């Protein structure tokens, strides 16, 4: 069996079944009161330097990790950065990269550097949270809300461009205070809704017409991923736009003007 037969979620299930990893369910891990998350960006897989600047790459590397902290309702405290790069890389480009990482205002306190045949950037983010809802608490009757417009990354990709991921740290702490379940939307609404439904043991019903779209985005762009908005199951939606509901059952149903619809998503290895 190959990784292409499993996909990212299947690989995690196999590792958990063999007790080689433990409790990998939510966007971040809780270790002795510290919220910890890690994400890697690989040149040619996650980014191309002819589509974004070194500084924007640095922002992206920080932001995708801070998004996981936001999904945990955490306030960030520090970043640890590992850089792998060809020896011929210009120093000025690396300085721009780290300037982008510094833009969100979270200090880099450690990490590693190594030579590599292509650019690889791995960031670990550390923070603390008063309450982490996780993905497993959604209940039938809950409203599903998002923190902002979706599809912007997919729309930009169609135009051979990239957009900066948003930072939703304040919104994450606001939602974490009362949400039954909370996660970020990194692999597309289709895939991430499925993960929340599976973890919570309930069904999700999403009306695509109610999903706020980024400027220039289309419904199909919702499956691209990399939006890094937050998805929450809440008893009261408050100020956040409602895109669906939780119900008894299992799985995810997408509707478009009341009719069943399909929505793709991103899975590594497949």
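The values are calculated or read from the model by the stated rules, or taken from the named source; none is laboratory data. On a predicted model such as this, the values are computed, not experimentally measured, just so you know. Neighbour counts are summed over all protein chains in view; Cβ atoms, including those assigned to glycine, are modelled from backbone coordinates with ideal geometry.
Might you check whether a residue that is under 20 Å from residue 107 (Cα atoms) and under 12 Å from the mean Cα position of the chain (by Cα) occurs anywhere in the stretch 75-88?
No, there is no match, as no residue in the stretch 75-88 is under 20 Å from residue 107 (Cα atoms) and under 12 Å from the mean Cα position of the chain (by Cα).
Sort out which residues of the stretch 246-262 are out of contact with any helix residue (DSSP H, G or I) (no Cβ under 9 Å at 6 or more places or on another chain), assigned to a strand (DSSP E or B) and under 15 Å from residue 136 (Cα atoms), and write them in order of number.
247 - this is the single residue of the stretch 246-262 that is out of contact with any helix residue (DSSP H, G or I) (no Cβ under 9 Å at 6 or more places or on another chain), assigned to a strand (DSSP E or B) and under 15 Å from residue 136 (Cα atoms).
Got at least one residue in the stretch 55-69 being out of contact with any helix residue (DSSP H, G or I) (no Cβ under 9 Å at 6 or more places or on another chain), within 16 Å of residue 162 (Cβ to Cβ), at pLDDT 95 or above and assigned to a helix (DSSP H, G or I)?
yes
Is at least one residue of the stretch 125-135 closer than 30 Å to residue 206 by Cα and without any contact (Cβ under 8 Å) to a residue 60 or more places away in the chain?
Within the stretch 125-135, the first condition is being closer than 30 Å to residue 206 by Cα, and the residues that meet it are 129-135.
Remaining after also requiring without any contact (Cβ under 8 Å) to a residue 60 or more places away in the chain: 130-131.
Yes, the conditions are met somewhere in the stretch 125-135.
Got at least one residue in the stretch 10-24 being on the phi < 0 side of the Ramachandran plot and touching a strand residue (DSSP E or B) at 6+ places or on another chain (Cβ under 6 Å)?
no
Take residue 20 and tell me if it is under 24 Å from residue 196 (Cα atoms), at pLDDT 90 or above and in a loop (DSSP other than H, G, I, E, B).
Answer is yes for this residue.
Against the conditions (1) over 19 Å from residue 8 (Cβ atoms); (2) out of contact with any helix residue (DSSP H, G or I) (no Cβ under 7 Å at 6 or more places or on another chain); (3) in contact (Cβ under 8 Å) with a residue 60 or more places away in the chain, where does residue 209 fall short? Just the number, please.
So the condition that residue 209 fails would be (3).
Looking at the structure I just gave you, is residue 27 buried (at least 16 other Cβ atoms within 10 Å of the Cβ), in a loop (DSSP other than H, G, I, E, B) and not assigned by TED's automatic domain parsing to the domain that holds residue 164?
yes
Cβ-Cβ below 9 Å, separation at least six or inter-chain, first residue in the stretch 92-110 and under 14 Å from residue 167 (Cβ atoms), second surrounded by fewer than 16 Cβ atoms within 10 Å (Cβ to Cβ) and at pLDDT 95 or above: which pairs?
100/53; 101/108; 102/108; 106/77; 106/78
Which of the residues belonging to the stretch 30-54 are crowded, with 16+ Cβ neighbours inside 10 Å and either touching a helix residue (DSSP H, G or I) at 6+ places or on another chain (Cβ under 7 Å) or part of a loop (DSSP other than H, G, I, E, B) (or both)?
35, 37, 39, 41, 46, 47, 52, 54
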